[in-house]
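Working notes, beginning with the structure itself.
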Number of protein chains: 2
Amino acid sequence: MPLFRDRAGARAGAAAVSGWVAVAGLGPGDPELVTPEVTAALAGATDLLGYGPYLARLPARPGQDRHETDNREELSRAEHALTLAASGRRALLASSGDPGVFAMAAALFEAVEGGPADWRDLDIRILPGITAMLAAAARLGAPLGHDFCAINLSDNLKPWDVIAERLTAAARAGFAIALYNPRSRARPEGFSRALELLRAEAGGARSIAFARAVSTPEERLEVTTLDAARPEMADMRTVVIIGSPETRAVGRWLYTPRRA
Amino acid sequence: MPLFRDRAGARAGAAAVSGWVAVAGLGPGDPELVTPEVTAALAGATDLLGYGPYLARLPARPGQDRHETDNREELSRAEHALTLAASGRRALLASSGDPGVFAMAAALFEAVEGGPADWRDLDIRILPGITAMLAAAARLGAPLGHDFCAINLSDNLKPWDVIAERLTAAARAGFAIALYNPRSRARPEGFSRALELLRAEAGGARSIAFARAVSTPEERLEVTTLDAARPEMADMRTVVIIGSPETRAVGRWLYTPRRA
């Protein structure tokens with residue numbers, strides 16, 4: 001059954017309850033990349049929930065409760081936020097980057113799906129942010145300037161066969177590719193295998209960029225080729241961008257033309 | 001040859017010349033989704049360049065020159081901005097969404113590549129913004145919550161065979177898919193053919209969402225299936241999101257689990 005919604009309707013519905021849960025994208029790190037919408041939600045929340053390092057980016061406010069959890073506890077953190085919202089609190093789940101890209105928004109809806117039926121009627125707000133691959137692309141030039149894919153290499157999310165199939169399909173069809181969580185603790189060999197597979201499919205001369213901690217004082221950018229790429233060029237704070245067949249350097253920049 | 005750069009180095013280099021060109025992402029429409037970084041650049045620019053409707057979103061400032069151009073004149077607009085920067089002006093190219101996603105950043109680097117050698121040393125800044133598919137995903141739930149592709153259906157950018165190959169590859173490998181510029185004037189039949197191809201590959205029950213003018217007063221969201229989707233549900237202001245095999249509804253939301 002088709003679902004129709006307009007912005008006014010969504011806002012009117014939102015006004016019917018006092019509690020809410022917002023999943024807010026804090027962007028890649030620089031406060032200058034946090035949207036005013038997220039800043040306003042941070043000011044209006046009664047409770048902040050999140051992974052410690054993300055909460056550490058947010059100043060303390062009198063009367064605002066903070067709930068730090070481990071990075072692996074996404075589902076229980078989401079359930080906690082929903083429970084708070086159901087009790088009338090204004091709960092903000094802090095997410096790095098954009099909450100809809102390999103971050104907290106999907107975890108929240110998994111919690112809604114598995115939770116009490118009335119959670120589906122809660123006032124839920126997903127507040128977009130600047131996701132890591134687009135912050136990285138901006139600093140590198142425009143490597144994602146034409147068709148591209150985003151793939152999460154994180155551990156335990158899916159079988160290696162699925163990752164290999166997606167990498168192969170993306171490279172073969174001429175997409176640029178952004179890899180999130182390239183090197184995870186539980187699957188340290190995954191990124192090496194991904195590089196091998198991409199080399200075989202795209203050739204060793206293909207451009208690859210490593211963008212670490214973009215927009216923070218620890219930012220580091222490295223542009224090289226698949227032949228020269230080494231797994232240790234990436235860590236947990238790195239997003240990796242592999243160019244399309246058309247991606248090329250101009251001066252110090254890397255870009256993909258619009259007609260590729 | 002690998003290229004290394006750090007943020008401090010890039011900023012120090014930037015200080016060596018007085019002119020600059022910034023390609024600034026204005027986001028999907030709502031001023032609350034414009035980053036402070038972009039707001040500061042708008043205040044510091046001597047010249048604003050862009051497609052009329054984008055410039056119309058920006059308040060006039062005394063002493064700031066405005067250069068409106070047609071939407072089709074991206075390359076000449078980029079060349080104009082580079083010429084201004086080379087003469088010491090601070091030129092801001094207004095881009096909707098994120099400049100690196102089917103927008104002005106790639107056009108800028110095409111102009112740099114084809115222009116005088118000294119354009120490569122100009123102070124060029126790409127300022128990220130909230131791109132349409134991520135604003136749309138946030139309003140819909142989390143349909144891009146796991147691996148996804150972004151494909152531009154715009155006219156004249158590439159042969160239909162390339163589009164068909166990418167749509168097929170993306171659907172077959174289980175990606176969610178975001179389509180930009182689904183219905184273009186020069187290729188009105190393209191989106192019908194894309195829907196047919198996706199139906200054949202993914203089945204008629206697959207979720208599809210039409211998100212028009214997200215975050216503006218004209219916002220309209222529609223969620224349905226490939227079987228029920230009709231080309232006229234999209235126009236030039238619509239981004240289309242096709243779910244992965246795991247994408248599903250929970251209450252009024254559409255989301256893709258993290259393990260898909």
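The values are calculated or read from the model by the stated rules, or taken from the named source; none is laboratory data. What you are looking at is a predicted structure, and each value in this text was computed from that prediction instead of being measured. Methodologically, a virtual Cβ is constructed for each residue, glycine included, from the backbone with ideal geometry; neighbour enumeration extends over all protein chains shown. Heads up: the accessible areas ignore ligands, DNA and RNA and are worked out on the full protein's heavy atoms, side chains in. Shrake-Rupley method; radii C 1.70, N 1.55, O 1.52, S 1.80 Å.
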Considering A:A136, A:A173, A:A103, which residue is out of contact with any strand residue (DSSP E or B) (no Cβ under 6 Å at 6 or more places or on another chain), of a type in the set (A, V, I, L, M) and closer than 30 Å to A:W253 by Cα?
A:A173
Per-region count, segment B:205-260, residues farther than 20 Å from B:G145 by Cβ, in a loop (DSSP other than H, G, I, E, B), more than 21 Å from the chain's Cα centre (by Cα) and more than 9 Å from chain A (Cβ to nearest Cβ):
3
Could you check how many residues of segment B:18-32 are within 14 Å of chain A (Cβ to nearest Cβ) and open to solvent by 10 Å² or more (accessible area, probe 1.4 Å)?
5
Mind telling me which of the residues A:A173, A:A142 ends up being within 20 Å of the chain's Cα centre (by Cα), within 8 Å of another protein chain (Cβ to nearest Cβ) and over 30 Å from A:L82 (Cα atoms)?
A:A142
Quick one: count up the residues across segment A:34-45 that are open to solvent by 10 Å² or more (accessible area, probe 1.4 Å) and either within 9 Å of chain B (Cβ to nearest Cβ) or within 22 Å of B:L127 (Cα to Cα) (or both).
5
Before we move on, is B:T168 closer than 27 Å to A:A103 by Cβ, outside any loop (DSSP other than H, G, I, E, B) and of a type in the set (S, T, Y)?
no
If we ask which residues in segment B:145-170 are open to solvent by 40 Å² or more (accessible area, probe 1.4 Å) and at the interface with chain A (Cβ under 9 Å from one of its Cβ atoms), their number turns out to be 2
Exclusive hit being under 18 Å from A:L157 (Cα atoms) and either in contact with a strand residue (DSSP E or B) (Cβ under 6 Å, 6 or more places away or on another chain) or surrounded by fewer than 23 Cβ atoms within 10 Å (Cβ to Cβ) (or both), set A:L92, A:L75
A:L75
Among the residues listed as B:R193, B:R230, the single one being of a type in the set (K, R) and either buried (at least 16 other Cβ atoms within 10 Å of the Cβ) or touching a residue at least 40 places away in the same chain (Cβ under 8 Å) (or both)
B:R193
Being touching a residue at least 40 places away in the same chain (Cβ under 8 Å) and not in a loop (DSSP other than H, G, I, E, B) narrows it down to one residue among A:L144, A:L198; which is it?
A:L198
If I filter segment B:58-69 for residues that are open to solvent by less than 10 Å² (accessible area, probe 1.4 Å) and either at pLDDT 95 or above or part of a loop (DSSP other than H, G, I, E, B) (or both), do I get at least one hit?
no
Of all residues in segment A:101-120 being free of Cβ contacts under 8 Å to residues at least 60 places away in the same chain, open to solvent by less than 10 Å² (accessible area, probe 1.4 Å) and within 7 Å of another protein chain (Cβ to nearest Cβ), the one that is farthest from A:F175 (Cα to Cα)
A:V112
Taking the condition of being on the phi < 0 side of the Ramachandran plot and part of a loop (DSSP other than H, G, I, E, B), how many residues in segment A:181-195 meet it?
8
Of (1) on the phi > 0 side of the Ramachandran plot; (2) more than 19 Å from the chain's Cα centre (by Cα), B:E165 satisfies all except one. Which?
(1)
Scanning for something within 8 Å of another protein chain (Cβ to nearest Cβ) and either open to solvent by less than 10 Å² (accessible area, probe 1.4 Å) or of a type in the set (F, W, Y) (or both), does segment A:79-87 turn up at least one residue?
no
Checking B:R183 against (1) at the interface with chain A (Cβ under 10 Å from one of its Cβ atoms); (2) modelled with pLDDT under 95: exactly one of these is not met. Which one?
(1)
Unmet criterion (only one of (1) within 14 Å of another protein chain (Cβ to nearest Cβ); (2) modelled with pLDDT of 95 or more) for A:L48:
(1)
Any idea which of B:E110, B:E79 is among the acidic types (D, E) and either in a loop (DSSP other than H, G, I, E, B) or under 18 Å from the mean Cα position of the chain (by Cα) (or both)?
B:E110
All but one of (1) acidic (D, E); (2) over 21 Å from the mean Cα position of the chain (by Cα); (3) over 21 Å from A:V162 (Cα atoms) hold for A:E189, so report the exception by its number.
(3)
Would you mention how many residues in segment B:121-135 are closer than 27 Å to A:G25 by Cβ and over 12 Å from the mean Cα position of the chain (by Cα)?
4
When (1) in a helix (DSSP H, G or I); (2) more than 21 Å from the chain's Cα centre (by Cα); (3) under 29 Å from B:S215 (Cα atoms) are applied to B:D118, the one that fails is (3)
Name every residue in segment B:121-137 that is in a helix (DSSP H, G or I), open to solvent by less than 10 Å² (accessible area, probe 1.4 Å) and at the interface with chain A (Cβ under 8 Å from one of its Cβ atoms), in order of residue number.
B:L134, B:A135, B:A137
